[in-house]
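To start, the structure under review is shown below, and the notes come after it.
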Amino acid sequence: MTGKTHATVGVLSTAALIILHPKGFEVGNIQILPIISLATAALGSYLPDIDIHQSALGRKYRIISKMLKHRGFTHTLVMPLCFLLLMYVVAHYMSPFSMLVIGINSLLFGLMFGWILHIFADMFNKKGVPLLFPITNSRIYVATVKTRHRSEYVWLALYIVCISILVVWLRFL
Ligand SMILES: [Zn+2]
């Protein structure tokens, strides 16, 4: 999938969370305001492809991209779990500063959510993702959508339709 598709999925899905939970929600005991998460959702959706040497991010951070194999470590759930862990650390050690905690954790949630959605979207491509790392390195995919092909845009349109139906169903029906 292209960076634009990933960013669109990340931003639209976070917008859906804003409509569904305008006053926020909790992850564990951690308070999240999705309107703040919107600021980092696109970045979280872009970052996993820093492992592509030709990508805009990969060219900018060549040293990092050269160290990484495409669809390796950045396409596992390790980084999203790190963000979640960081959210717990922030909530635990900064608890007296509640507004700051909500702000930082909402930004971290945006990164985590965007990152997970990136991995989810890449599962629809034949290259797959090592979702079950470190249990196995084998790549998992559920469809054969081609990048920069008509099928990618059809997939994106279907995703937007599904999200819209879900939002209307959960919020308004
Ligand atoms: Zn990717």
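Picking from residues in segment 32-60 that are among the hydroxyl-bearing types (Ser, Thr, Tyr) and part of a helix (DSSP H, G or I), the one that is farthest from the ligand (Cβ to nearest atom) is 37. Sub-6 Å Cβ pairs linking a first residue in segment 1-19 that is closer than 20 Å to residue 169 by Cα and part of a helix (DSSP H, G or I) to a second residue that is away from the ligand (no atom under 16 Å from the Cβ) and of a type in the set (Ser, Thr, Tyr), at least 6 apart or interchain, are 14/37, ordered by first then second residue. Whether any residue in segment 94-115 is in contact with a Leu (Cβ under 7 Å, 6 or more places away or on another chain), of a type outside the set (S, T, N, Q), under 26 Å from residue 131 (Cβ atoms) and surrounded by fewer than 17 Cβ atoms within 10 Å (Cβ to Cβ) is what I want to check. Taking every residue of segment 94-115 in turn, none turns out to be in contact with a Leu (Cβ under 7 Å, 6 or more places away or on another chain), of a type outside the set (S, T, N, Q), under 26 Å from residue 131 (Cβ atoms) and surrounded by fewer than 17 Cβ atoms within 10 Å (Cβ to Cβ). Has segment 61-83 got any residue that is surrounded by fewer than 18 Cβ atoms within 10 Å (Cβ to Cβ), modelled with pLDDT of 85 or more and away from the ligand (no atom under 16 Å from the Cβ)? The answer is yes, given that some residue of segment 61-83 is surrounded by fewer than 18 Cβ atoms within 10 Å (Cβ to Cβ), modelled with pLDDT of 85 or more and away from the ligand (no atom under 16 Å from the Cβ).
Number of residues in segment 135-159 that are over 17 Å from residue 119 (Cα atoms) and assigned to a helix (DSSP H, G or I): the value is 6.
Within segment 120-173, the set of residues being on the phi > 0 side of the Ramachandran plot and surrounded by 13 or more Cβ atoms within 10 Å (Cβ to Cβ) comprises 128 only. Residue 106 meets each of the listed conditions (1) farther than 18 Å from residue 26 by Cα; (2) touching a strand residue (DSSP E or B) at 6+ places or on another chain (Cβ under 9 Å) apart from (1).
The values are calculated or read from the model by the stated rules, or taken from the named source; none is laboratory data. In this text, all values refer to a predicted model and were calculated from it rather than measured experimentally. Don't worry about glycine lacking a Cβ; one is built from the backbone with ideal geometry, like all the others, and counts go over all protein chains shown.
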